[in-house]
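A.B. asks: Please read through the structure below; I'll follow up with questions.
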Ligand code: NAD
């Protein structure tokens, strides 16, 4: 009998008002139902927002260092449960245990970082242009934050948003992806256990169309932080624009690893195998394109094929698995469709290209790690996000051409160049249009204390992570304190002072 999970509203675990539910299944074995979750609607969102709004009036007055102390406890609880959470995460979304442990660790790092930020949240003091007057600007909480997240980093991404939102004094209504409701539930359990007061964190499970939209449209939600596809991000921006809600969008990517003729090829090989096929290619920062200098093209491709042949595809819970399943049936179909689009456009499958079935693969959404060659920059497989274990390889003859090809996409999240040449490296850092550039490491590997996000259609200019995320979750209040005892008029009474 599958376990029944609930929403968390105003400090209480509750069913959806409609009583409707949905099932959560294991992508490595779709016959295994992991639990049933509330299929919520606007009514449930209304309840959650009501609770969050009331709680905001209390939470905003809790000193930020105390809010941070609770998050430190959250980090401690996550640390104690790290392996258990990782196993449950692998079971519900498929990536291998090594990676789900990393996902939890990113949440832990984010908790400790946010905890210390409770003792900073720096403002500014600035001299006044008038005598006996004091100027400062300080951060204020904003209100109720609507948090909408994808399934590929089911712990890390929610923590990137929820922890800074909370430490800044906001309350939260959280809608996780319906492919990963269990990990989201664990996170909220931990927040409650650590002492987050009732109403401050609210969890509403369900679909994007019903719950996600209701959050975006709700007049009492002040800000929305969304990570997901560019198509949904655009819809959210449009809707939120109507009420001038503050919106942070972290969207798709089509990231490239460039390997120059002077690169350390063994290092570049390790990088691309990890970047392209880690998380089964389902990272926003996944290496989806490999741009090779013509001088090392043939040699590197044969190294690559030999490396990919060693990757073991299977259940992420099993020791020795390198590549897990796709998250669901639809995602595997997208991958198959893109392999066909590529070959129809003239690309060649150098390795893989097919779904895996039979034996241990029979009941999971498995697909072979796939390499496409003879790819040209104008092809869809060179420009569009696939979100699966498919690597499109392109050939170039100079650093300028490599960067031009790397930039030839509507996205701009991550990028990488392997080279020993300092001139190439700095040219890449300056000219690649992406939010993140790695030199001599793969396109994946964000650290919690650094800004994270992209340019072009990868987002709308905000950054998660690091010190930058606190900008999004707080509003500046400018304060002037005049102790001169008389009316002083800025810009007018400054002469002669
Ligand atoms: P998705 O856009 O389908 O869904 C993301 C979330 O939005 C889910 O919770 C979903 O239920 C919800 N949603 C769907 N439709 C909605 C709507 N109309 N209104 C409000 N909410 C709605 O994306 P996904 O398939 O879960 O994730 C994969 C995508 O996320 C990829 O494009 C990937 O690149 C992107 N992603 C980006 C980053 C980043 O930081 N840039 C990180 C991870 C994933």
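A.B. asks: Quick one: would you say residue 276 is in contact with a strand residue (DSSP E or B) (Cβ under 7 Å, 6 or more places away or on another chain), assigned to a helix (DSSP H, G or I) and surrounded by 24 or more Cβ atoms within 10 Å (Cβ to Cβ)?
C.D. replies: yes
A.B. asks: Being in contact (Cβ under 8 Å) with a residue 12 or more places away in the chain and over 25 Å from residue 30 (Cα atoms) is the filter here; which residues of region 344-370 pass it? Before you say what the answer is, go through the steps one by one.
C.D. replies: We begin by selecting, within region 344-370, every residue in contact (Cβ under 8 Å) with a residue 12 or more places away in the chain; these are 345-356, 360-361, 363-370.
Those that are in contact (Cβ under 8 Å) with a residue 12 or more places away in the chain and over 25 Å from residue 30 (Cα atoms): 345, 346, 347, 348, 349, 350, 351.
A.B. asks: Hey, another quick one. Looking at residue 187 and the list (1) out of contact with any strand residue (DSSP E or B) (no Cβ under 8 Å at 6 or more places or on another chain); (2) buried (at least 21 other Cβ atoms within 10 Å of the Cβ); (3) part of a loop (DSSP other than H, G, I, E, B), which single condition is not satisfied?
C.D. replies: (3)
A.B. asks: Let me ask something else about it. For the structure I just gave you, tell me whether residue 429 is surrounded by fewer than 23 Cβ atoms within 10 Å (Cβ to Cβ) and over 25 Å from the mean Cα position of the chain (by Cα). It would help to see each step written out before you state the result.
C.D. replies: Working: surrounded by fewer than 23 Cβ atoms within 10 Å (Cβ to Cβ): yes; over 25 Å from the mean Cα position of the chain (by Cα): no.
No; evaluated as a whole, the condition is false for this residue.
A.B. asks: Which of the residues belonging to region 312-347 are buried (at least 18 other Cβ atoms within 10 Å of the Cβ) and under 17 Å from residue 97 (Cβ atoms)?
C.D. replies: 313, 314, 315, 316, 317, 321, 322, 323, 324, 325, 327
A.B. asks: Hey, any hits in region 279-299 for a residue that's without any contact (Cβ under 8 Å) to a residue 40 or more places away in the chain and assigned to a helix (DSSP H, G or I)?
C.D. replies: Scanning region 279-299 turns up at least one residue that is without any contact (Cβ under 8 Å) to a residue 40 or more places away in the chain and assigned to a helix (DSSP H, G or I).
Here's the yes/no breakdown for (1) loosely packed, with under 14 Cβ neighbours inside 10 Å; (2) more than 30 Å from residue 178 (Cβ to Cβ):
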| site | (1), (2) |
| --- | --- |
| 111 | no, no |
| 117 | no, yes |
| 126 | yes, yes |
| 139 | no, yes |
| 148 | no, no |
| 155 | no, no |
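A.B. asks: Could you tell me whether any residue of region 152-166 is more than 20 Å from residue 104 (Cβ to Cβ), out of contact with any strand residue (DSSP E or B) (no Cβ under 6 Å at 6 or more places or on another chain) and either in a loop (DSSP other than H, G, I, E, B) or in the same structural domain as residue 80 (by TED's automatic domain parsing) (or both)?
C.D. replies: Checked against the condition, which is being more than 20 Å from residue 104 (Cβ to Cβ), out of contact with any strand residue (DSSP E or B) (no Cβ under 6 Å at 6 or more places or on another chain) and either in a loop (DSSP other than H, G, I, E, B) or in the same structural domain as residue 80 (by TED's automatic domain parsing) (or both), region 152-166 yields no hits at all.
A.B. asks: Output the helices (runs of 4 or more DSSP H) that fall wholly within region 1-93 and possess 1 or more residues being farther than 18 Å from residue 108 by Cα and in contact with a strand residue (DSSP E or B) (Cβ under 8 Å, 6 or more places away or on another chain), or say none. Show your work before the answer.
C.D. replies: Values: elements: 42-59, 64-80, 82-93.
Hits in region 1-93: 42-59, 82-93.
A.B. asks: Residue 175 passes all but one of (1) more than 12 Å from the ligand (Cβ to nearest atom); (2) crowded, with 24+ Cβ neighbours inside 10 Å; which number fails?
C.D. replies: Every listed condition holds for residue 175 apart from (1).
A.B. asks: Working carefully through the options 409, 443, 437, find the one that is free of Cβ contacts under 8 Å to residues at least 24 places away in the same chain, surrounded by 17 or more Cβ atoms within 10 Å (Cβ to Cβ) and within 26 Å of residue 233 (Cβ to Cβ).
C.D. replies: That would be 437, the only listed residue that is free of Cβ contacts under 8 Å to residues at least 24 places away in the same chain, surrounded by 17 or more Cβ atoms within 10 Å (Cβ to Cβ) and within 26 Å of residue 233 (Cβ to Cβ).
A.B. asks: I'm checking my understanding of the structure. Among residues of region 195-207 that are touching a helix residue (DSSP H, G or I) at 6+ places or on another chain (Cβ under 8 Å) and surrounded by fewer than 19 Cβ atoms within 10 Å (Cβ to Cβ), which one is farthest from residue 242 (Cα to Cα)? Give the derivation first.
C.D. replies: Of all residues in region 195-207, those touching a helix residue (DSSP H, G or I) at 6+ places or on another chain (Cβ under 8 Å) come to 195-206.
Applying the additional criterion that residues be surrounded by fewer than 19 Cβ atoms within 10 Å (Cβ to Cβ) yields 195, 197-198.
Values: 195: 36, 197: 32, 198: 31 Å.
So, considering only residues that are touching a helix residue (DSSP H, G or I) at 6+ places or on another chain (Cβ under 8 Å) and surrounded by fewer than 19 Cβ atoms within 10 Å (Cβ to Cβ), the one farthest from residue 242 (Cα to Cα) is 195.
A.B. asks: Could you tell me whether residue 109 is outside the structural domain of residue 321 (by TED's automatic domain parsing) and away from the ligand (no atom under 14 Å from the Cβ)?
C.D. replies: When the stated conditions are applied, residue 109 passes them.
The values are calculated or read from the model by the stated rules, or taken from the named source; none is laboratory data. Since the model is a prediction, treat every value here as computed from it, not as a measurement. Cβ coordinates were reconstructed from backbone atoms using ideal geometry, including for glycine residues, and neighbour counts include every protein chain displayed.
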